[in-house]
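To start, the structure itself, in structure tokens.
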Amino acid sequence: MKTASKNGCKGKYQNWFLLFGVAVLAVMLTQLNYAEVGQGIAHAGYWFLAVVALWAFLYLFNAATWWLIVHQHEPKVSFWWLYKITVSGFALNYATPGGLMGGEPYRIMELTPVVGAERATSSVILYVMTHIFSHFWFWLLAVPLFLCVKDVDVVTAVLLTAVTLFCLLGIWFFVMGYRKGLAVRAMNLLRRLPLVGNRAQTFVLNHRQQLDNIDRQIASMHRQSPRRFVTCVLLELACRVCSAAEIYFILLVLMPAPSYADCLLVLAFTSLFANMLFFMPLQLGGREGGFLMSVAGVGLSASAGIFVALLVRLRELIWTAIGLLLIKLPLKPR
């Protein structure tokens, strides 16, 4: 009877996540210029199908990272169940203002009945940390790549220096988080904010032991399983490198032999700009502006940037829809 009650509660929250995601997706679809969309898909042809299919492969990297994190303590959790949750989690993140406000609570909700609330929370926080940590490394590695393949003027040198310092600061912050945990530090930061400070203070007082346990679990992989930790970071970094194939496939429509190095640079600087606007659902406007600036920076035309941004936006909408549908797919976690 108790299990049935828990399943019913979980199903109710699944429905809320699904309905919220569908509502936001519907709003996004109303913002499209369908004549432009039709022309873009017709021009891309089968390469657009390759772009959409590519992400079924890329999500394997993300799911494998999370599986390794969860597998540290729960070796029987199904990889394909985590893959389903991964795709749905990213779909909710795409559709949610604030980025991590939709997908991560959903992942914790799904994983809690399997591994418990503390382990579910720590594994999701640890995955998010690793995902963002790999972004900082990707952006940092893009700087020497740019220096190797492009000419650099004074303005560009200043921008690259700023990017380098920003990435080094981000890497330092996450290394400290891996060593000591991040849950308590994040809540202490929230306690100093004007609107949420009192609630954060109350939450810390009522859940101090749980927060400490979560931080110990976050720090344990970095300390006890350094090889697993490095593998997780490399998997996420490999995902970033492979995802540049999306831009490569799209540029093949426009030119006979695009440079993969240019695709990596476009992806790196576009994602850096778009993540600065993380509070926008589907990063509306930020990603398109990032593509325009990035393609100009590597010597491609503005029309190429607009075309790439359009097809990437369509791919995101398709995978958002797929992820939302997967929320109700009945797979067993073990």
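Mind running the shape call on the stretch 224-279? Use the C-alpha gyration tensor, a ≥ b ≥ c as the square roots of the eigenvalues: rounded below 1.5 for a/c, prolate if a/b tops b/c, oblate otherwise.
Oblate is the answer for the stretch 224-279, as a/c is 1.5 or above yet b/c matches or exceeds a/b.
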*Can you pull the accessible area of Trp80 for me, 1.4 Å probe, Å² to the nearest 10?*
150
_What would the Debye equation give as log₁₀ I(q)/I(0) for the stretch 80-167 at q = 0.15, 0.17 Å⁻¹, counting only Cα atoms as equal point scatterers?_
-0.69, -0.77
_Sequence of Phe146, Phe173 from largest to smallest accessible area, 1.4 Å probe_ = Phe173, Phe146
*Among Leu49, Leu267, Leu324, what's the order by accessible area (1.4 angstrom probe), most exposed first?*
Leu49, Leu267, Leu324
*By the scheme Lys and Arg +1, Asp and Glu -1, what is the net charge of all other residues having a beta-carbon under 15 Å from that of Leu49?*
0
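At a 1.4 Å probe radius, which order do Trp55, Trp66, Trp137 fall into by accessible area, largest first?
Largest accessible area first, the residues go Trp137, Trp55, Trp66.
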*How much accessible surface area, in Å² rounded to 10, belongs to the heavy atoms of Val115 with a 1.4 Å probe?*
20
*Area of Tyr248 that stays accessible when all protein chains are in place (1.4 Å probe, Å², to 10)*: 60
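The values are calculated or read from the model by the stated rules, or taken from the named source; none is laboratory data. Keep in mind it's a predicted model, so treat the numbers as computed, not measured. Neighbour counts are summed over all protein chains in view; Cβ atoms, including those assigned to glycine, are modelled from backbone coordinates with ideal geometry. Heavy atoms of the whole protein, side chains included, go into the accessibility calculation; ligands, DNA and RNA do not. Shrake-Rupley method; radii C 1.70, N 1.55, O 1.52, S 1.80 Å.
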